[in-house]
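Remarks on the structure that follows.
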Ligand SMILES: N[C@@H](CCC(=O)N[C@@H](CS)C(=O)NCC(=O)O)C(=O)O
């Protein structure tokens, strides 16, 4: 890996402090996971705004660190072996940061896998399904005005996934058990988005999932979340 100064992304969004983790993001349900985790872990970082209005996420500089052209991504100037490392995919970044800090991931193998499986549940299920629901319900409603099928399909899958979360939270405070973990950090911003970003609390019937609603408000109210949910500030 090149030194931080040699990354094209660093030339376009220069680091003020090249010694700390560089975050490239926007406060979306995927984007906020990383500043929330960094705040929880107490890891110093610097945030750079990747502006969708100017398609920054598809720029050659950003594609150098995430060929998938999506936020979030990070560069840690002090990665494995003390060398810089660039990482994309929020689940991979969360795992990396948890291992680096020794926080938000249980140390015992069973607890660790419990948390990891819920992180995968989020990146493979909750994120894509809730995202497609939001797309058809809020952003592309005009395109499916004569065909309710896409919105209904993703709405029903969203409700089914909320039911899975409700069951998991029936007898434990956090997704992976007694302690707050990267599984909660990965997932609560997506559930929060159903109401806050999509205005769909009623259509989804969020009130039918009281354990989930209570869990989101406890997670979103943590001091780290209150900061991380707005990092980097939107333009
Ligand atoms: N699986 C990816 C998903 C990332 C993702 O979809 N990010 C969205 C924002 S929530 C994005 O960058 N969208 C911009 C685009 O599609 O051009 C992850 O978890 O990091």
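A few comments on the model shown:
- Tally of residues being away from the ligand (no atom under 15 Å from the Cβ), touching a residue at least 40 places away in the same chain (Cβ under 8 Å) and in a helix (DSSP H, G or I) across segment 1-33: 5
- For beta carbons closer than 8 Å, sequence separation of 6+ or different chains, a first residue in segment 120-132 that is more than 16 Å from residue 200 (Cβ to Cβ) and assigned to a helix (DSSP H, G or I) and a second that is within 11 Å of the ligand (Cβ to nearest atom) and modelled with pLDDT of 95 or more, the qualifying pairs are 120/91; 122/91; 122/186; 122/190; 123/89; 123/90; 123/91; 123/186.
- Single residue of segment 66-85 satisfying the filter (under 16 Å from the mean Cα position of the chain (by Cα) and surrounded by fewer than 20 Cβ atoms within 10 Å (Cβ to Cβ)) that is nearest to the ligand (Cβ to nearest atom): 70
- Only listed residue being assigned by TED's automatic domain parsing to the domain that holds residue 156, surrounded by fewer than 14 Cβ atoms within 10 Å (Cβ to Cβ) and within 15 Å of residue 180 (Cβ to Cβ), chosen from 202, 208, 214: 214
- Helices (runs of 4 or more DSSP H) fully within segment 176-235 counting 1 or more residues that are farther than 22 Å from residue 151 by Cβ: 182-196, 210-220, 223-228
- Residue match in segment 34-49 (condition: within 16 Å of the ligand (Cβ to nearest atom) and free of Cβ contacts under 8 Å to residues at least 40 places away in the same chain): no
- Within segment 89-110, the residues that satisfy the criterion of being away from the ligand (no atom under 16 Å from the Cβ) and without any contact (Cβ under 8 Å) to a residue 12 or more places away in the chain are 99, 102, 107, 108, 109, 110.
- Count of residues meeting criterion [surrounded by fewer than 20 Cβ atoms within 10 Å (Cβ to Cβ) and away from the ligand (no atom under 15 Å from the Cβ)] in segment 118-150: 10
- The listed residue being in the same structural domain as residue 174 (by TED's automatic domain parsing), crowded, with 19+ Cβ neighbours inside 10 Å and not in a loop (DSSP other than H, G, I, E, B), out of 115, 98: 115
The values are calculated or read from the model by the stated rules, or taken from the named source; none is laboratory data. Predicted model, so just to flag it, every value in this text is computed and none were measured. Note that we place each Cβ from the backbone using ideal geometry, even for glycine, and neighbour counts take in every protein chain shown.
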